[in-house]
Amino acid sequence: MTKKDVPPRWDRKMQQRLARGEAAALGELYDRFASLVHGLAHRVLGDEDAADGITREVFARVWEHPDAYDPRQGPLRSWLAALTHRLAVQRLRATETAALAPGDSSSPQAAEELEHKVRRASVAARADYIVHSMPAPLRAALDLAYFQRRDYRQTAVDLGVTEDEARRRLRLGLQLLSTAHDAGTPPGYGGGA
């Protein structure tokens, strides 16, 4: 394994602690990633109670099957996000399919609408993940420019950087966000759980 392929030390240690059954490790993992898991689930499902359920299910699965995470496959954060996304999409599909009238479930139009809804939710969850995962300087520049409606000059002044640096941060942040439409799952999402 090359230096680049070595997983972060915290991820390896956490996986080992979970595999040993350390309840404190699960608590630390929850404290660190519960808001990410809940936010992604809520973004896909659009329902607070359903997102709470997915959050519980994700951490229960991690506790029951800590060996499902392989640190060599990528960061623990990405693996948790992938697991959350997969479970939330499954729940969305099951909920939407159950809500269809008995005769509508085989309708091509109903199936197409469901898949469109799943794709929209996936893109929204991916965008959320990208924004929360990007470096703080990029996130701060995007926040100022898009949520607080500052132009790049005002953004530069607020951040205490040059105008060129503000433009660079905005451009890079937007390039990262543009990948939200490229696939249905967030970047770094490896295989399943």
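Scanning region 9-22 for residues that are surrounded by fewer than 16 Cβ atoms within 10 Å (Cβ to Cβ) and either within 13 Å of the chain's Cα centre (by Cα) or assigned to a helix (DSSP H, G or I) (or both) yields a count of 6. So, in region 132-171, exactly how many residues are under 25 Å from residue 77 (Cβ atoms), open to solvent by 40 Å² or more (accessible area, probe 1.4 Å) and among the aliphatic types (A, V, I, L, M)? Total meeting the criteria: 1.
Of all residues in region 84-112, those that are closer than 22 Å to residue 36 by Cα have Cβ atoms under 6 Å from Cβ atoms of residues that are surrounded by 13 or more Cβ atoms within 10 Å (Cβ to Cβ) and modelled with pLDDT under 65, 6 or more apart or on another chain, in 85/185. Within region 149-159, identify whether any single residue is at pLDDT below 90, under 30 Å from residue 119 (Cβ atoms) and not β-branched (Val, Ile, Thr), and answer yes or no. The answer is yes; a qualifying residue exists. Condition first: at pLDDT 80 or above, farther than 26 Å from residue 82 by Cβ and open to solvent by 50 Å² or more (accessible area, probe 1.4 Å). Can you find one or more residues in region 172-187 that meet it? No, region 172-187 has no match at all. Within region 43-55, being modelled with pLDDT of 90 or more and surrounded by 13 or more Cβ atoms within 10 Å (Cβ to Cβ) holds for 50, 51, 52, 53, 54, 55. The number of residues in region 62-74 being touching a residue at least 12 places away in the same chain (Cβ under 8 Å) and open to solvent by 60 Å² or more (accessible area, probe 1.4 Å) comes to 5. Annotation note: of 82, 25, 110, the sole residue that is open to solvent by less than 40 Å² (accessible area, probe 1.4 Å), under 21 Å from residue 129 (Cβ atoms) and either assigned to a helix (DSSP H, G or I) or modelled with pLDDT of 90 or more (or both) is 82.
The values are calculated or read from the model by the stated rules, or taken from the named source; none is laboratory data. This is a predicted model, so every value here is computed, not measured. Cβ atoms come from the backbone with ideal geometry, glycine included; neighbour counts cover every protein chain shown. For accessibility, only protein heavy atoms count, side chains too; no ligands or nucleic acids. Shrake-Rupley method; radii C 1.70, N 1.55, O 1.52, S 1.80 Å.
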